[in-house]
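The values are calculated or read from the model by the stated rules, or taken from the named source; none is laboratory data. The shown structure was predicted, so the numbers you read here are calculated from the model rather than taken from an experiment. Positions of Cβ are generated from backbone atoms using ideal geometry, with glycine treated the same way; all protein chains shown enter the neighbour counts. Each accessible area value is taken on the protein alone, full model and side chains, heavy atoms only, with ligands, DNA and RNA left out. Shrake-Rupley method; radii C 1.70, N 1.55, O 1.52, S 1.80 Å.
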Amino acid sequence: MSGIKSTLLSSLLSAVGLQRMLFIGLVFFVEINISSAAPDNIVVIEHGKSNYEIVMENEASLVVRQAGLELQRLIKKSTGVNLSIVSAPDSGKHQIYVGNSRYIGPDILSRLSAVDDAFIIAVKSSDVYLLGIDDASNDVFDLGINRSASVGSYFSVLSFARRYLGAEWYMPGDTGEEIAIISDLSLPSNLDLREQPRFKIRYVDVASYVAEKNIAKAVKQDRLKKNTYNVKLHKETSLWGRRLMLGNNFELDTGHAWYKWIPAEKPTKYSHKAYGKLFPEYFAEPGGRFGRYYYGKGNSHGGQLCMCNPGVSDEMANNIIAYARQTGARSFSLSPNDSGKWDCRCACCKEKNLDKNASGGRLTGELIKFSNQVAEKVKKEIPDARFGLYAYSWASEPPADLQVDPSIAISDVYNGLAYQFYLPRRRAKIEKNINLWRSRSDQVVLTSYYTFYGHYGFPWSSGEVYDWLLKNLDKYEASQGARINLSQYDVAPIGSLGADPWILARLLWNPQQPLEDLKNEYYNGAFGDQAGPLIKEYFEKIGLAMRNAIANERYKNARGVKRYIETAYPEIRKECDNLLSQARISLKNAPDRYSKRLEKIELGWKYAGLVLDLIHAERQRDLASVKRFQAELKALKSAEHVVFSFGRSASDLQQSVVPLIGNSR
């Protein structure tokens, strides 16, 4: 394309309000403005007028009602036209049908895949059809770690808005919403789009709802300093996650559970009796340690059961059956307690060489045998029972040749994945385990506490890791998706993560999308074509510094992170300052929404700078500066305007779990 044509097209795009990157603008321009004149298109809106109405039945589900209202809102915001919502079609008008209803014939319904969250966008006889697979199992925007409602019709509306209204959601809240301002809207008369997610489990913690009880629990366990829970912010975050088309299409409980099903000291709601005094032989360490069988606050950290003793699997199965009958639950975790070691001292385990020095595959094999036994016993009484099992810690290495019961979904865990990716040996081992687990089980969902504790609030975008990971998972039919935890307890710290949550969501829906295209789409769309490349370069510079720091430091799990931070960030400080300064200058005459989004990035970098200054002052024994920087950090973290800028909870974890401040290295 010549420079003149490019300039003219950019001006036209700007005139209709498209502030997204040029590539996306080209596609949108062709679909909306050029094709509207073609004879084989239908005209939905022309010069601010329309003969269309939105049809949803009075009995429509909550999913469909939310979809219809969202379509009405987005069309009005984009075109200024307020389409009416009716329960029955008017013969004098054309219709946009939202959701399934008695007005939709089998020829349209037959195009829809019977997969949760699947949808179609179709045109027939000048009418538009936006519908998908819906259910009312949960509220539309109830997006946590458990099963979410199937909202195909809602996703159909979102996809329609992306394609034909230039809509996108770059961060939670009104500030994150982008939409084109247009006067005409036309669609191909033969439009027939069909989509379904590649993965059934698409969970990203910073774009999901966190219950207040989880925050309170973290405070009680001294993981957070105080409960700053804000229900409005968490709902905004969950809404954003839905707009990113995240979801969990089946129930999967994999939480550490042995301490629940076989309690040691006192009964729980999962078991009417305790086993410590009655059956000390059920435990890997009879008599426990310091008078306790299980350790840690909440009993879930440390202490295991003996997998050889048949009484353990019998009792666990009986307790699961009783709980299922009492509550109606059908999804149960069989995961061991959270612990880095296995050490059973019974004669049976010694005979099988199942001790702390056993190879991982042998231990995991025994765990699979044990779990299969429990599952088989439960299913005799509860045939539709389903189970989850962490492949984690001492049970992370796949067994040599043992298959997992079909009712058990494995969740293979790779914490600190962002760091391990840049270490060739560790990455190769992860790839090997991903392959082996998906050959041993029919259903596997990957879990990662991606940077342990949210990289302690420091900015870092690592899209190449997600791209590698999800394209690898896509190779295996058994892959059911991923649960990625980017910043525990925090609401979407975009200033720290940049495009990561948005890119991750897009790849969870379709992992074959080119990473570079996604990065350009996000940064140019969120910040404009002047500031966007600068923000992208800012995050890429941080990424390169982190990659080099990891390559030059021995990996030490969570406690090695402070070494990476102290190595990577000081040397790029000036360059990052300059890039953000240039981005701010470039937005002098740009729309205000770009400036507000940039502020989140700036605040994320400000937080990082204050922590680095604090570290330096502490090392210099400059107590006056230490106090000053501590006060500035406290003020920054408590300010309302820093929401979505950096992980305030991750910052608490930085100070309480692995302090950055201190001379010990």
Mean accessible area per residue over region 404-550 (1.4 angstrom probe, all protein chains present, square angstrom) is 28 Å²
Amide H neighbours of residue 51 at under 5 Å, excluding residues fewer than 5 places away on the same chain, with H built from the backbone geometry, are none
Two-site label geometry, residue 343 and residue 278: point separation in nm, points 7 Å out along Cα→Cβ: 2.9 nm
Distances longer than 20 Å among the Cα atoms of region 307-436: what percent of all pairs is that? 50 percent
Hey, could you get me the Stokes-Einstein D for region 441-512, Kirkwood radius over alpha-carbon pairs, 20 °C and 1.002 mPa s, rounded to whole µm² s⁻¹? 167 µm²/s
Over region 382-459: Rg over Rh, Cα atoms, Kirkwood Rh: 1.05
Each residue of region 74-83 in order: what ³J(HN,Hα) in whole Hz does its phi give by Karplus 6.51 cos²θ - 1.76 cosθ + 1.60, θ = phi - 60°, with x for Gly and Pro? 5, 5, 5, 5, 7, 10, x, 9, 9, 6
If you take every residue apart from residue 60 with its C-beta less than 14 Å away from the C-beta of residue 60, what net charge results, scoring Lys and Arg +1 and Asp and Glu -1? -3
For peptides 50-60, 500-510, sequence by mean Cβ density within 10 Å, most packed first: 500-510, 50-60
Karplus-derived HN-Hα couplings along region 116-129 (A = 6.51, B = -1.76, C = 1.60, θ = phi - 60°), whole Hz, x at Gly and Pro: 3, 6, 5, 7, 10, 10, 9, 10, 8, 6, 6, 9, 10, 10
Expected 222 nm ellipticity per residue - DSSP helices of 4 or more, -39500 (n - 2.57), all of the chain, to 500: -13500 deg cm²/dmol
Debye calculation, C-alpha points only, no solvent: report log10 I(q)/I(0) for region 100-160 at q = 0.14, 0.22, 0.23, 0.29 Å⁻¹, in the same order as the q values. -0.40, -0.87, -0.93, -1.27
Leaving out ligands, DNA and RNA, and with a 1.4 Å probe, what % of the accessible surface on region 51-162 is carbon or sulfur? 48 percent
Could you give the semi-axes, largest first, of the ellipsoid that matches region 136-178, computed as the square roots of 5 times the alpha carbon gyration tensor eigenvalues and rounded to whole Å? 22, 15, 6
Can you tell me the alpha carbon radius of gyration of the chain divided by the globular rule-of-thumb value 2.2 N^0.38 Å? 1.03
Give me, ordered by chain and number, the residues 5 or more places off residue 128 or on other chains with an amide H under 5 Å from its own placed amide H. 95, 96, 97
Sites residue 102 and residue 49 - FRET efficiency at Förster radius 35 Å, r taken between beta-carbons, to 0.05: 0.75
Mean shadow area (nm²) of the C-alpha convex hull around region 461-503 is 3.3 nm²
What is the packing order of peptides 583-595, 248-260, taking the mean over residues of other C-beta atoms within 10 Å and listing the highest first? 248-260, 583-595
How big is the shadow of the Cα convex hull of region 478-567, averaged over all directions, in nm²? 7.7 nm²
Angstrom value of the Kirkwood radius, inverse mean 1/r, which spans all Cα pairs in region 63-221: 17.2 Å
Would you mind checking 432/536; 541/627; 200/606; 471/588; 77/600 for any pair whose Cα atoms are more than 28 angstrom apart? 432/536; 541/627; 200/606; 471/588
What does the charge count around residue 174 come to, taking other residues whose C-beta lies under 13 Å from its C-beta (Lys +1, Arg +1, Asp -1, Glu -1)? +3
³J(HN,Hα) across region 511-519 via Karplus (A = 6.51, B = -1.76, C = 1.60, θ = phi - 60°), whole Hz, x for Gly/Pro? x, 8, 6, x, 4, 5, 4, 5, 4
Carbon plus sulfur fraction of accessible area for region 488-610, probe 1.4 Å, in percent: 45 percent
If amide hydrogens are placed 1.01 Å from N in the peptide plane, which non-local residues have theirs closer than 5 Å to the one on residue 44? 185, 186, 187
Solvent-accessible area of residue 86 with every protein chain in place, 1.4 Å probe, in Å² to the nearest 10: 40 Å²
Give me the percent of accessible area attributable to carbon and sulfur for region 228-295, probe 1.4 angstrom. 57 percent
Give me the net charge for the shell around residue 527: Cβ to Cβ below 9 angstrom, other residues only, Lys and Arg +1, Asp and Glu -1. +1
